[in-house]
Amino acid sequence: AQAVAIHCYEFYFAIVEQTRETSALPEYATTHQLEQMYCHVEDALLAIDFLDHKSHTYWMRNIRQFLGKIRLSAKEANIVRGICRKFLWFQNKRSLDVHKELEKQ
């Protein structure tokens with residue numbers, strides 16, 4: 001009977017330990033990572049003329065509040081930054097293509 005109790009005890013703690021390992025909390029983005037993300041978002045939105053240069057501070061405050069409602073993980077913040085970098089890259093490429101076309105004329 002004692003052997004059965006010991007085995008049950010060992011099984012219980014093995015299951016509890018396995019559950020702890022699989023349900024690890026995500027690594028939330030640090031303040032520094034979020035600030036970098038917000039800078040990329042602002043740059044991208046300015047580049048595509050979504051934000052007006054006169055009132056972009058107002059809109060960025062609202063965007064910060066919107067994104068701050070959800071607690072982003074470091075991975076999610078990097079995804080947003082990657083999307084913004086791609087917007088900026090595409091905008092710069094498009095500007096260069098237009099400039100080259102104007103030079104040809």
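So which of 94, 71 ends up being in contact with a strand residue (DSSP E or B) (Cβ under 7 Å, 6 or more places away or on another chain) and among the charged types (D, E, K, R)? Walk me through it before giving the result.
Numbers: 94 fails: in contact with a strand residue (DSSP E or B) (Cβ under 7 Å, 6 or more places away or on another chain).
It is 71.
What number of residues within segment 5-29 are at pLDDT 90 or above and of a type outside the set (A, V, I, L, M)?
So the first thing to find is which residues in segment 5-29 are at pLDDT 90 or above, and the list is 28-29.
If we keep only those that are of a type outside the set (A, V, I, L, M) as well, we get 28.
Qualifying residue count, segment 5-29: 1.
Can you tell me which of (1) in a loop (DSSP other than H, G, I, E, B); (2) surrounded by fewer than 10 Cβ atoms within 10 Å (Cβ to Cβ) is the one residue 66 doesn't meet?
(1)
Given the residues 76, 27, 42, 35, which is the only one that is free of Cβ contacts under 8 Å to residues at least 12 places away in the same chain and of a type in the set (Asp, Glu)?
Details: 76 fails: free of Cβ contacts under 8 Å to residues at least 12 places away in the same chain; 27 fails: free of Cβ contacts under 8 Å to residues at least 12 places away in the same chain; 42 fails: free of Cβ contacts under 8 Å to residues at least 12 places away in the same chain.
On inspection, the qualifying residue turns out to be 35.
Inspect all residues belonging to segment 89-102 and state whether any of them is surrounded by 13 or more Cβ atoms within 10 Å (Cβ to Cβ) and not polar (S, T, N, Q).
Looking only at segment 89-102, we keep the residues that are surrounded by 13 or more Cβ atoms within 10 Å (Cβ to Cβ), and these are 90-91.
Next, only the ones that are not polar (S, T, N, Q) stay: 90.
The answer is yes, given that some residue of segment 89-102 is surrounded by 13 or more Cβ atoms within 10 Å (Cβ to Cβ) and not polar (S, T, N, Q).
Could you say which residue among 44, 3 is surrounded by 15 or more Cβ atoms within 10 Å (Cβ to Cβ) and either assigned to a helix (DSSP H, G or I) or touching a helix residue (DSSP H, G or I) at 6+ places or on another chain (Cβ under 9 Å) (or both)? Before the answer, list the steps.
Details: 3 fails: surrounded by 15 or more Cβ atoms within 10 Å (Cβ to Cβ).
Exactly one residue qualifies, and that residue is 44.
Condition check ((1) over 24 Å from the mean Cα position of the chain (by Cα); (2) charged (D, E, K, R)) across all residues:
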| residue | (1), (2) |
| --- | --- |
| 10 | yes, yes |
| 15 | yes, no |
| 26 | no, no |
| 30 | no, no |
| 42 | no, yes |
| 50 | no, no |
| 60 | no, no |
| 70 | no, no |
| 74 | no, no |
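From 53, 32, which residue is modelled with pLDDT of 95 or more and surrounded by fewer than 12 Cβ atoms within 10 Å (Cβ to Cβ)?
Values: 53 fails: modelled with pLDDT of 95 or more.
Criteria check complete, one pass: 32.
The values are calculated or read from the model by the stated rules, or taken from the named source; none is laboratory data. No experiment lies behind these values; they were computed from the predicted model shown. Don't worry about glycine lacking a Cβ; one is built from the backbone with ideal geometry, like all the others, and counts go over all protein chains shown.
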